Amino acid sequence: LPNHPSGFLTAEAARSLVDSVDAFLFDCDGVIWKGDKLIEGVPETLDLLRKMGKKLVFVTNNSRKSRRQYSKKFRALGLEVMEEEIFTSSFAAAMFLKLNDFSPEKKVYVVGEDGILEELKLAGFKCLGGLEDGKKNILLEANFYFEHDKSVGAVIVGLDQYFNYYKMQYASLCIRENPGCLFIATNRDPTGHMTSSQEWPGAGTMVAAVSCSVQKEPIVVGKPSSFLMDFLLKSFNLETSRMCMVGDRLDTDILFGQNTGCKTLLVLSGVTTLPELQDASNNIHPDLYTNSVYDLVGLLQQ
Ligand code: PLP
Ligand code: CA
């Protein structure tokens, strides 16, 4: 479209982008991999950017794994990435509690998977819930009274493949009966690649269920919230104006980049299609867009 605010990535734009940044922040699903499948040309692209002296950081909203578990996934896909270069929404949730001086004497109720539990334990917090509670069921008989642990001071909701009515009630009671209880969402993605070939309901659907029940909005710690950026900046000597956020989702990745002052590059290798980007109803415009990260290799070598 002639007046479209996002530019297609040309050789000239790629060179000027690379010259203007010190770091690339890569979203993972839809950019690096799709489910468990590596996207074509990713190793070559990362190698080239590293050879050019760029710092590479990986930011995922998927809370199912911890940073440690993600570094194993990168390695299994043949990519050398250190744990410290990976920022997950599970880590963000634990860091949010730490930063807000959440008392280690209180407990955290988790609607979510092992990644959140592991990050909480590493940060020194006690937790309840997780996949274990997927085996529990409520029998809604007359006079049934649901007991919950009154020492829960925070509820974290992320993607939970065993999400059920028990967890919904547990999380709701903690929040409803303790006005000081924090309600934290790892992310609100409507869908996610739980498998390589299909999209599935994302954490946002589970957050919506709890939020509807308690009639409260959660604190979101994953993208597009800028929360993770503070940790990134503390970990590395970087300036957001000299970073480029590369992602496939407009309302998480590109918004995160824009919220934090980064340059933004949308890749069409994930969930967003060109017609969606160019639709008149879309008001999130990346600086640049291209088909996949591999295009950088071809363009920078022209
Ligand atoms: N959450 C879940 C459960 C997912 O499966 C995915 C993608 O597969 C995401 C979030 C989005 O992850 P990312 O931020 O890496 O695109
Ligand atoms: Ca993505």
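Annotations for the structure displayed:
- Residue check for F96: without any contact (Cβ under 8 Å) to a residue 40 or more places away in the chain and either closer than 25 Å to A203 by Cβ or in a helix (DSSP H, G or I) (or both): no
- Considering the stretch 93-120, the residues that are touching a helix residue (DSSP H, G or I) at 6+ places or on another chain (Cβ under 7 Å) and aromatic (F, W, Y) include one that is least open to solvent (accessible area, probe 1.4 Å), namely Y109.
- Residues in the stretch 16-44 that are more than 16 Å from ligand 2 (Cβ to nearest atom) and within 18 Å of R75 (Cβ to Cβ) were compared, and the one that is most open to solvent (accessible area, probe 1.4 Å) is E44.
- Enumeration of residues in the stretch 212-228 that are open to solvent by 10 Å² or more (accessible area, probe 1.4 Å) and under 16 Å from G112 (Cα atoms): P218, I219, V220
- Each residue in the stretch 233-255 was checked for being touching a residue at least 40 places away in the same chain (Cβ under 8 Å), surrounded by fewer than 19 Cβ atoms within 10 Å (Cβ to Cβ) and more than 13 Å from V21 (Cα to Cα), and 2 pass.
- Matching residues in the stretch 147-164 - criterion: being within 25 Å of the chain's Cα centre (by Cα) and not in a strand (DSSP E or B): G158, L159, D160, Q161, Y162, F163, N164
- Residues of the stretch 256-282 satisfying the condition of being touching a helix residue (DSSP H, G or I) at 6+ places or on another chain (Cβ under 9 Å) and open to solvent by 60 Å² or more (accessible area, probe 1.4 Å): N259, K263, E276
- Residue that is farthest from ligand 1 (Cβ to nearest atom) [pool: residues in the stretch 184-201 that are surrounded by 21 or more Cβ atoms within 10 Å (Cβ to Cβ) and more than 16 Å from D36 (Cα to Cα)]: I184
- G78 vs. criteria more than 16 Å from ligand 1 (Cβ to nearest atom) and open to solvent by 40 Å² or more (accessible area, probe 1.4 Å): yes
- Residues of the stretch 160-180 that are open to solvent by less than 10 Å² (accessible area, probe 1.4 Å) and not β-branched (V, I, T): D160, K167, A171, S172, C174.
- Search result, residues across the stretch 99-141 that are at pLDDT below 95, assigned to a helix (DSSP H, G or I) and among the acidic types (D, E): E132, D133
The values are calculated or read from the model by the stated rules, or taken from the named source; none is laboratory data. Here the structure is a predicted model, which is why all the values come from computation and not from measurement. Every residue, glycine as well, gets a Cβ built from its backbone with ideal geometry; the counts of neighbours run over all protein chains shown. Heads up: the accessible areas ignore ligands, DNA and RNA and are worked out on the full protein's heavy atoms, side chains in. Shrake-Rupley method; radii C 1.70, N 1.55, O 1.52, S 1.80 Å.
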